[in-house]
Amino acid sequence: MKSYREMSNEELKAEIDVLMKEYRQYQNMDLKLNMSRGKPCLDQLDLSMGLMDVLSSEADMFCEDGTDCRNYGVLDGIEECKELIGDMMENRPDNIIIYGNSSLNVMYDTVSRAMTHGIMGNTPWCKLDRVKFLCPVPGYDRHFAITEYFGIEMIPVPMTPTGPDMAIVEKMVSTDEQVKGIWCVPKYSNPQGYSYSDETVRRFARLKPAAKDFRIFWDNAYGIHHLYDLDQDYLIEILAECKRVGNPDLVYKFASTSKITFPGSGISALATSPNNLEDIRSQLAIQTIGHDKVNQLRHVRFFGDIHGMVKHMHKHAEILRPKFEAVEEILDKNLSGLDIGSWTKPKGGYFISFDAMPGCAKEIVAKAKKAGVEMTKAGATWPYGRDPYDSNIRIAPSYPPLNDLKTATELFSLVVRIISARKILDNRDKAE
Ligand SMILES: Cc1ncc(COP(=O)(O)O)c(C=O)c1O
């Protein structure tokens, strides 16, 4: 197809006329489709219904070490669950605390604790004039919501296909004592689906922070969420790397089974160094007598071990892969060569990231909505919900049935074409 930027004004106007006719047809279809929700679809949830069967009133509720899962206690989580989640996170059970049903909750708690009580004896962040976090962009809106909630200043750092721009990260972390953290989704990132390269992880482990209480918030939410059997991304394990280079306390690592079993009814965990664990346990012991061991036991009985979990993820991939591929095929078919947008082709995770021409994202999302297709709010992938380029749009292919997803993507790409063609005309007008 001819690039829109090479088309004359007349050609573009004629193109818009044709596209608008098509758009009106979509409007008449009374669609109600949603590409905004990064949650598993019904078929994916059905994969985990066995969780409901592994425990019954007849079940043996005791752990191997004799712990009765029905009763109080075991702050860190039951040993067999620490082993299972340890294998999932590639960390030793000793480095892990099993939490409740949400890793976001653990991240919130971790920031909250740093605010009120400080990290390992350092001044609580609430007593400091300014606290800053680095935020790779585009990123996950709920991370940004936590830091915004606590009044932490968020500084965007550009993402690249190999991870955040490390030259900027290194400079800011090593020179500014007010920089206390960075949000990272290191594998199949939200929303781009990028995975950090070996070099990026090594550079993270070797950071020399100006602040003693600087921590990397390493949210490995999509650690085993591959779409393909062979073509998989892998990460250097950050805790081990930090320890190896003499920086053992630098990282808090988070994960959960939200997109493995049931979001909201899964298991979350934190992995970190013994020093950090001790610091955290002293607060956790005030907060709870222990998390939900029945659910931990249920997950262990359901999966058996990490091999069971990997097989289970294979079934998720069978459902998700056609959806990702359908979106990518339709975007390719409708937008390739027009020079009006680019999109990622992740090998795992839950999202595809679309970059429209600057100044177009809000209008695209609004126009798609008018024809019944809901996208994630434009701007959501930036701190404070403000994308200075008004360009990034997150696409979530998991939830809608395949046919709905195809229709929604056709409509989305149609809208991208209309808004971009108008933008080019507009820009030419202004340039004259
Ligand atoms: C990067 C990332 N972290 C965390 C979460 C939420 O995790 P949880 O359900 O464990 O709170 C999500 C959900 O979309 C996510 O994308």
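The values are calculated or read from the model by the stated rules, or taken from the named source; none is laboratory data. Since the structure is predicted, the reported quantities are computational estimates derived from the model, not experimental observations. Cβ placement follows ideal geometry from the backbone for every residue including glycine, while neighbour counts extend to all protein chains displayed.
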Tally, over region 285-300, of residues that are without any contact (Cβ under 8 Å) to a residue 40 or more places away in the chain and either among the acidic types (Asp, Glu) or assigned to a loop (DSSP other than H, G, I, E, B) (or both)
0
Of the conditions (1) assigned to a loop (DSSP other than H, G, I, E, B); (2) loosely packed, with under 14 Cβ neighbours inside 10 Å; (3) assigned by TED's automatic domain parsing to the domain that holds Pro400, Glu10 satisfies every one except a single condition; which number is it?
(1)
Quickly run through region 21-57 and pick out the residues that are exposed (fewer than 13 other Cβ atoms within 10 Å of the Cβ) and farther than 19 Å from Lys406 by Cα.
Lys21, Asp46, Met49, Met52, Asp53, Ser56, Ser57
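So that you can scan it fast, the table gives a plain yes or no per residue for (1) in the same structural domain as Phe217 (by TED's automatic domain parsing); (2) within 30 Å of Ile393 (Cβ to Cβ); (3) among the hydroxyl-bearing types (Ser, Thr, Tyr):
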residue: Met88; (1), (2), (3): yes, no, no
residue: Ile97; (1), (2), (3): yes, no, no
residue: Met115; (1), (2), (3): yes, no, no
residue: Pro124; (1), (2), (3): yes, no, no
residue: Val137; (1), (2), (3): yes, yes, no
residue: Tyr149; (1), (2), (3): yes, yes, yes
residue: Thr160; (1), (2), (3): yes, yes, yes
residue: Val179; (1), (2), (3): yes, yes, no
Filter region 183-238 for residues that are outside any loop (DSSP other than H, G, I, E, B) and under 13 Å from Lys253 (Cβ atoms) and give the result.
Trp183, Cys184, Val201, Phe204, Ala205, Arg215, Ile216, Phe217, Trp218, Asp219, Ile238
Residue that is nearest to Arg301 (Cα to Cα) [pool: residues in region 236-269 that are surrounded by fewer than 20 Cβ atoms within 10 Å (Cβ to Cβ) and basic (Lys, Arg)]
Lys243
Of all residues being β-branched (Val, Ile, Thr) and closer than 19 Å to Ser189 by Cβ in region 383-412, which is surrounded by the most Cβ atoms within 10 Å (Cβ to Cβ)? Just the residue, please.
Ile393
Which residue out of Ala380, Ala371 is modelled with pLDDT of 95 or more, crowded, with 19+ Cβ neighbours inside 10 Å and either outside the structural domain of Asn34 (by TED's automatic domain parsing) or away from the ligand (no atom under 16 Å from the Cβ) (or both)?
Ala371
Which numbered condition Met107 fails, given (1) surrounded by fewer than 18 Cβ atoms within 10 Å (Cβ to Cβ); (2) within 16 Å of the ligand (Cβ to nearest atom):
(1)
Looking only at residues that are surrounded by 17 or more Cβ atoms within 10 Å (Cβ to Cβ) and of a type in the set (A, V, I, L, M, F, W, C) in region 290-312, which one is nearest to Gly349 (Cα to Cα)?
Met309
Please indicate, with yes or no, whether at least one residue in region 413-427 is surrounded by fewer than 20 Cβ atoms within 10 Å (Cβ to Cβ), assigned to a helix (DSSP H, G or I), touching a Leu at 6+ places or on another chain (Cβ under 6 Å) and of a type in the set (D, E, K, R).
no
Is it the case that some residue within region 370-377 is acidic (Asp, Glu), in a strand (DSSP E or B) and either in contact (Cβ under 8 Å) with a residue 40 or more places away in the chain or within 30 Å of Leu47 (Cβ to Cβ) (or both)?
yes
Kindly indicate whether Thr272 is β-branched (Val, Ile, Thr), surrounded by 13 or more Cβ atoms within 10 Å (Cβ to Cβ) and within 16 Å of the ligand (Cβ to nearest atom).
no
(1) more than 25 Å from Val300 (Cβ to Cβ); (2) in contact (Cβ under 8 Å) with a residue 12 or more places away in the chain all hold for Ser282 apart from (2)
